[in-house]
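To start, the structure itself, in structure tokens.
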Amino acid sequence: MTGLSFDVAHLLAGGLVLMSFTLLYQDRLSALINVYAVHALVLSMAVAWQAFVQQAPHLYVTAVIALAFKALIIPVSLHRIIRRLGIHREIETMVGVGPTMLAGIGLVALSMVVMLRVTEDADRLAREDLAFALSVVLLGLLMMVTRRNALSLIIGFMSLENGLVLAAAGAKGMPLVVEISVAFSVLIAFIVIGVFLFRIRERFETIDVAALDRFREARE
Amino acid sequence: MGVIRDLSVQGLQMMLVLALAPLLTGWVRRLKARLLRRRGPPLLQPYRDLWRLMRKEVVLAHNASWLFRVAPYLIFAATWVAAALIPTFATGLLFSWSADLIAITALLGSARFFLALAGMDVGTSFGGIGSSREVMIASLAEPAMIMIVFSLALLAHSTQLSTVAGFMLSSNVGLRVTLAMALVALLMVAVAENGRIPIDNPATHLELTMVHEAMVLEYSGRHLAVLELASFLKLLLYISLIACVFVPWGLAPVGSGLAAAGIGLVAYLGKLVVAGAMLAIFETSMAKMRVFRAPQYLGAALMLGLLGALLLFVSRGGLR
């Protein structure tokens, strides 16, 4: 492992964490989708670099899948969904950028403390990748917790999944079959979520998940 | 002999920053005007303004205390000392053993403290609102600055700028995401600290959103000239700081000859011209933010600084 290839891997994985923070920072839905596309783009670059470093050609396929599905197809269809729902100009109310950011920084610190301690004698590149992947996953979870709009929840879920792919690419030798099946299951999940979005919208005339809570309280 | 040479290098840098600061501001103003298709003032206009203000009579408010009269000199002295601590064309400054990045931050912080006090001293509403806004910006910009300093210090194992610049010139820097984040965060802090456009507009007076101009509104004559010079110096200081840490090419190393110093000087002037041009382009292409958006902007800078410091721990040799 030469210094430069480690540095590039570090740069790309760190860029992924930064994009997760940018996702947390956005409060406009269409900007959120665009940032998610960049998130997936950075992921596919990171995976491609891993393929180059590890000389594992099947990871190139993973990178291409990430690029095609997550950076192109999903963002384009999300844009179409919000346009059809008529919420493409909406600004989401959320917990507040400052506390969310601080919580995110805390999660990144936590994942680094945990990962660096647990994987003491692992390969340096895998170690670093796992720490970053765990923080991307935690940031995705944080986003799902702090947002109220169902569409933001989807994006949080997708970015979480990007973190999983990063971890899998760093831990040498994830079989291609698993990767392809994961990619397709995400796509299916996306379609199901899209259907659900329209159903929620039909019933409650909003996709704010707080409406679901109010509905449940009313029934109890 | 060595001491004399060091002393002369240090003295030369002090004089150089003082002489160049108004020119830099003039360059930025001129370029901004040209970008807006106006003719703009001549490059030397800031010198003329300073000279004119120097000869004018000082008008003081009746209830101005001694602090009001002393503050401009304190602010100017602190800013000048801070600017003198940053290597411009040669490293190995005489005072760098005693003063580092933390001292520079502290000097700037005390200058700001006195400026905020002076803004409130006379008791006009504009001064008070300017001071409160300045302190609001400072309360977020200073932690961001400190985080950047920490990241750099962890990387270079020193907070002294000469050592940091030497480290950045050496080959074991590599490609680091921390440095990119620190650079972006430092740029954001520099823009906010100098009251440039997304935060404050330096070209206006008597506007409800002004920050720096509101605090110096009560000053006149030589006091105003000194304060203006201090704010020119601050802009130069931040540009030199960024140039010294992130683009240190051309800096003359310790104990080098005249030729290296000459190259360093030319490189420094080039960096100033480029940085001024970039600032002018940035300012003409941005709209000013609402004052209440400023905490979000600076929060992003703080977040970048924190994240950069964190990422350092997983990067190659970050802890060693």
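The values are calculated or read from the model by the stated rules, or taken from the named source; none is laboratory data. In this text, all values refer to a predicted model and were calculated from it rather than measured experimentally. So basically every Cβ, Gly included, is an ideal-geometry build from the backbone, and we count neighbours across all protein chains shown. These accessible areas exclude ligands, DNA and RNA; they are computed on the full protein's heavy atoms, side chains included. Shrake-Rupley method; radii C 1.70, N 1.55, O 1.52, S 1.80 Å.
Of the residues that make up segment A:98-105, is at least one under 15 Å from the mean Cα position of the chain (by Cα) and either closer than 14 Å to A:Leu16 by Cβ or facing another protein chain (nearest Cβ under 9 Å) (or both)? Walk me through it before giving the result.
Step one: filter segment A:98-105 for residues under 15 Å from the mean Cα position of the chain (by Cα), giving A:104.
Those left that are additionally either closer than 14 Å to A:Leu16 by Cβ or facing another protein chain (nearest Cβ under 9 Å) (or both): A:104.
The answer is yes, given that some residue of segment A:98-105 is under 15 Å from the mean Cα position of the chain (by Cα) and either closer than 14 Å to A:Leu16 by Cβ or facing another protein chain (nearest Cβ under 9 Å) (or both).
For segment A:116-138, name all the residues that are of a type outside the set (Gly, Ala, Ser) and within 8 Å of chain B (Cβ to nearest Cβ).
Here is the first cut: in segment A:116-138, the ones of a type outside the set (Gly, Ala, Ser) are A:116-121, A:123-125, A:127-130, A:132, A:134, A:136-138.
Those that are of a type outside the set (Gly, Ala, Ser) and within 8 Å of chain B (Cβ to nearest Cβ): A:Leu116, A:Arg124, A:Arg127, A:Glu128, A:Phe132.
Can you tell me which residue in segment A:13-22 is nearest to the other protein chains (Cβ to nearest Cβ), limited to those that are open to solvent by less than 30 Å² (accessible area, probe 1.4 Å) and not hydroxyl-bearing (Ser, Thr, Tyr)?
In the first step, residues of segment A:13-22 are kept if they are open to solvent by less than 30 Å² (accessible area, probe 1.4 Å); the result is A:13-17, A:20-21.
Of the ones still in play, those that are also not hydroxyl-bearing (Ser, Thr, Tyr) are A:13-17, A:21.
Working: A:Ala13: 8, A:Gly14: 3, A:Gly15: 7, A:Leu16: 10, A:Val17: 7, A:Phe21: 6 Å.
If we take residues in segment A:13-22 being open to solvent by less than 30 Å² (accessible area, probe 1.4 Å) and not hydroxyl-bearing (Ser, Thr, Tyr), then A:Gly14 is nearest to the other protein chains (Cβ to nearest Cβ).
Could you please give the count of residues in segment B:65-91 that are open to solvent by 20 Å² or more (accessible area, probe 1.4 Å), more than 13 Å from the chain's Cα centre (by Cα) and not polar (S, T, N, Q)?
Total meeting the criteria: 7.
Among the residues of segment A:161-181 satisfying the criterion of being among the hydrophobic types (A, V, I, L, M, F, W, C) and either out of contact with any Leu (no Cβ under 9 Å at 6 or more places or on another chain) or at pLDDT below 75 (or both), which is most open to solvent (accessible area, probe 1.4 Å)? Talk me through it step by step, then tell me what you get.
First pass over segment A:161-181, keeping only residues among the hydrophobic types (A, V, I, L, M, F, W, C): A:164-169, A:171, A:174, A:176-178, A:180.
When the remaining residues are screened for being either out of contact with any Leu (no Cβ under 9 Å at 6 or more places or on another chain) or at pLDDT below 75 (or both), the result is A:164, A:168, A:171, A:174, A:176-178, A:180.
On the way: A:Leu164: 97, A:Ala168: 21, A:Ala171: 49, A:Met174: 40, A:Leu176: 57, A:Val177: 113, A:Val178: 64, A:Ile180: 59 Å².
Here the residue is A:Val177.
For A:Thr206, indicate whether it is within 27 Å of A:Asn34 (Cβ to Cβ) and modelled with pLDDT of 85 or more. So that I can check it myself, show each step before the final result.
Details: within 27 Å of A:Asn34 (Cβ to Cβ): yes; modelled with pLDDT of 85 or more: no.
Here the answer is no, as A:Thr206 does not meet what is asked.
Going by what's in this entry, would A:Leu125 be described as part of a helix (DSSP H, G or I), touching a residue at least 24 places away in the same chain (Cβ under 8 Å) and farther than 24 Å from A:Gln26 by Cα?
Yes, satisfied.
Identify all residues within segment B:106-139 that are hydroxyl-bearing (Ser, Thr, Tyr) and open to solvent by 60 Å² or more (accessible area, probe 1.4 Å); write none if there are none. Lay out the reasoning, then the answer.
First, pick out the residues of segment B:106-139 that are hydroxyl-bearing (Ser, Thr, Tyr): B:110, B:124-125, B:131-132, B:139.
B:Ser125, B:Ser132, B:Ser139, listed by residue number.
Can B:Ser240 be described as of a type in the set (S, T, N, Q), within 14 Å of chain A (Cβ to nearest Cβ) and touching a residue at least 40 places away in the same chain (Cβ under 8 Å)?
Details: of a type in the set (S, T, N, Q): yes; within 14 Å of chain A (Cβ to nearest Cβ): no; touching a residue at least 40 places away in the same chain (Cβ under 8 Å): yes.
Taking the combined requirement at face value, the residue does not satisfy it.
Here are some conditions: (1) within 14 Å of chain B (Cβ to nearest Cβ); (2) outside any helix (DSSP H, G or I). A:Ala9 meets all but one. Which one does it not meet?
(2)
How many residues are away from chain A (no Cβ under 14 Å) and part of a helix (DSSP H, G or I) when one looks only at segment B:276-312?
11
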